[in-house]
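Peer 1: One structure follows; several queries about it will come next.
The values are calculated or read from the model by the stated rules, or taken from the named source; none is laboratory data. As the structure is a computational prediction, the values presented were derived from the model and not from experiment. A quick note on method: Cβ atoms are made from the backbone with ideal geometry, for glycine too, and the neighbour counts reach across all protein chains shown.
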């Protein structure tokens, strides 16, 4: 539990710094693209989740990016050495796999949801070439977490068919990802530096 407790102050600090520019960006996207408050609220939850994932996984930002590769290409070795970290990496991506099919009909195809989770995890690990340790085990665990979250979403959609009415466009997804990246890579670190 101390492993988790160590991340809580960092997570809260990062989310506090990210909240003002994220809220401003979401409002702008609401006016220009989303145009429905319910949709904007759902996307805000997903954006906060992505910000939390960014904060916990610590990819680089505009202030600390420097190429310092520390890479593990051998799968499953680190999982045996650090089982708690593996479990936490799985759990970190369960909400990603859960929310993707609930927000976008496109991701009700499990292959696409898992591919998106894999791609997000791979992007984080490649980013960590500039800030930390890049580990194939993290990609495996995160992808498994996405799959488990997808299974939970399928169960929810079967039990509550009204949830299947939500959907959005590829432009909305793209704008949301660009917003989160911009906030977490540029805005939040600069805000933290000011305070």
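Peer 1: Restricting attention to helices (runs of 4 or more DSSP H) lying wholly within the stretch 1-116, give those where 3 or more residues are farther than 20 Å from residue 147 by Cα and at pLDDT 95 or above.
Peer 2: 2-29, 37-57
Peer 1: Next question, about the same structure. I'm told residue 142 meets every condition in (1) modelled with pLDDT under 95; (2) farther than 22 Å from residue 34 by Cα except one. Can you identify the failing condition by its number?
Peer 2: Result: residue 142 fails condition (1) only.
Peer 1: If I filter the stretch 37-86 down to residues being without any contact (Cβ under 8 Å) to a residue 24 or more places away in the chain and touching a helix residue (DSSP H, G or I) at 6+ places or on another chain (Cβ under 8 Å), which single residue comes out as nearest to residue 125 (Cα to Cα)?
Peer 2: The selected residue is 44.
Peer 1: Further question: Take the residues of the stretch 133-158 that are touching a strand residue (DSSP E or B) at 6+ places or on another chain (Cβ under 8 Å) and in a helix (DSSP H, G or I): which is surrounded by the most Cβ atoms within 10 Å (Cβ to Cβ)?
Peer 2: Only one residue tops the list, namely 137.
Peer 1: Condition test on residue 110, is it in contact with a helix residue (DSSP H, G or I) (Cβ under 8 Å, 6 or more places away or on another chain) and either under 27 Å from residue 190 (Cα atoms) or touching a residue at least 40 places away in the same chain (Cβ under 8 Å) (or both)?
Peer 2: Against the criterion (in contact with a helix residue (DSSP H, G or I) (Cβ under 8 Å, 6 or more places away or on another chain) and either under 27 Å from residue 190 (Cα atoms) or touching a residue at least 40 places away in the same chain (Cβ under 8 Å) (or both)), residue 110 qualifies.
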